[in-house]
Amino acid sequence: MDKMDHNAHSVYLMYYHLIMVVKYRRKVIDDPISERAKEIWERIAPDYGITLEEWNHDVDHVHVMFRAQPKSELSKFINAYKSASSHLLKKEYPQIRERLWKEAF
């Protein structure tokens, strides 16, 4: 593992493993979609004190290993990411809409 992170009052090492599944386990994730989703993550994450460590995908889910600070608001970040990525991916890759029953990604 990496060295410990620290701030003025504490030393910490907080890793999280997040699995995001496509609604109804629809098989819509391919390499370009995964790469674009990763780019969106990397654009939003620094605002929340989050650092991407590892990104892997399968056709119906994504595995993300990331590091966070104690002050990071994970629920707000996850909501912001899911909202932004869903909107942008459906806009840039219209074939996603065809494979999902509803607007939810």
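Where a number appears in this text, it was derived from the coordinates with a stated rule and is not lab data. Everything quoted here is computed from the prediction, not taken from an experiment. Positions of Cβ are backbone-derived with ideal geometry, glycine not excepted, and every protein chain shown enters the neighbour counts.
Tabulated values for the structure
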| quantity | calculated |
| --- | --- |
| Sole exception among (1) without any contact (Cβ under 8 Å) to a residue 40 or more places away in the chain; (2) more than 10 Å from the chain's Cα centre (by Cα); (3) surrounded by fewer than 15 Cβ atoms within 10 Å (Cβ to Cβ) for residue 92, by number | (1) |
| Selection from the stretch 1-46 of residues that are part of a strand (DSSP E or B) and touching a Lys or Arg at 6+ places or on another chain (Cβ under 9 Å) | 5, 14, 15, 16, 20 |
| Tabulated pairs, the stretch 8-36, first at positive phi, second of a type outside the set (A, V, I, L, M) and surrounded by 13 or more Cβ atoms within 10 Å (Cβ to Cβ), C-beta under 7 angstrom, 6+ apart or interchain | 25/60 |
| Every pair of residues 6+ apart whose Cβ atoms lie under 6 Å, when the first sits in the stretch 41-68 and is more than 12 Å from residue 18 (Cα to Cα) while the second is assigned to a loop (DSSP other than H, G, I, E, B) and hydrophobic (A, V, I, L, M, F, W, C) | 59/29; 60/22 |
| Residue in the stretch 61-71 that is under 27 Å from residue 99 (Cα atoms) and either over 14 Å from the mean Cα position of the chain (by Cα) or buried (at least 17 other Cβ atoms within 10 Å of the Cβ) (or both) present | yes |
| Test result for residue 75, farther than 19 Å from residue 26 by Cα and among the small types (Gly, Ala, Ser) | yes |
